[in-house]
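Structure, as structure tokens:
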Amino acid sequence: MCIGRSGVEAGVVLRTCVTTTLRLARAALPQRVTAQCWIRYRIDLTEALPPVSPDVHLTRVTDGFIDMLRHHPEQAENQVRSALRFWDRGLRRAYVWLSDEGPLCMQWLLTEADGRTVHRLGEWAGMYPPLPPRTGQAENLFAFANARKRGVATQFEYALYHEARRLGLAQLFTHIYEPNTAANAWADRTGWRRCGTITRYQVDLPGLRARSVFVHRSDIATPPLVLPSRSVQARRTA
């Protein structure tokens, strides 16, 4: 469970107490306590991966590309605004597929080394607990308008799997907003396997106003996410 930049690995009893309290508060005060849910996905990079089309070329995102993105016609899209926020907070490992007609697709790849930088995301930092070694997080996949309905996102994602494995990663995680049924169906088709949920509770009550509580639930027998205690986090960020 994460609140802002602090996180703790919760046992069954603590997790049940917190989630039950939040659900009761939401039922009693629906205008003050809201909830959103994301489906977590995992892919094992040590297994056979889909082949990559020779037409796909991933390029690392640069300052120049970000400057272009700030004035792009699609700059108001949620994923683009989130991508710019990632860059402005210091997250630099992102890839784009460029073509003669312009950018086709882009996505961030977070790794264990990004742990401290993710804290700069402020309230949304609770969405990203520390990653174990050899583990990556694929984030903010965005297909530009000129590339949609052409299978570009799928081909890009296959190439990202191979790039992540080339970097020495053994597994990748991602998450997709639960109501986005089309995106979740796409993930199911492209090798991702559902492995849990992330529930964000927004609490507008004294003491927790403007705070979010993120509850991460893993369906994997040995949870891949190891959440440090507050004291450990404090030492890491000191």
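Every number here is computed from the coordinates shown, using simple stated rules; none is lab data. Note that the coordinates shown come from a computational prediction; the quantities given were computed from them, not determined experimentally. Counting neighbours? That spans all protein chains shown, and the Cβs are built from the backbone with ideal geometry, glycine included.
Points worth noting:
- Loop-located GluC sites (Glu not before Pro) in the stretch 103-208 (DSSP state not H, G, I, E or B) with no more than 12 neighbouring Cβ atoms inside 10 Å do not occur.
- Amide H contacts of S53 (H built 1.01 Å from N, in plane; Pro and chain starts excluded): no residue 5 or more places away or on another chain comes under 5 Å.
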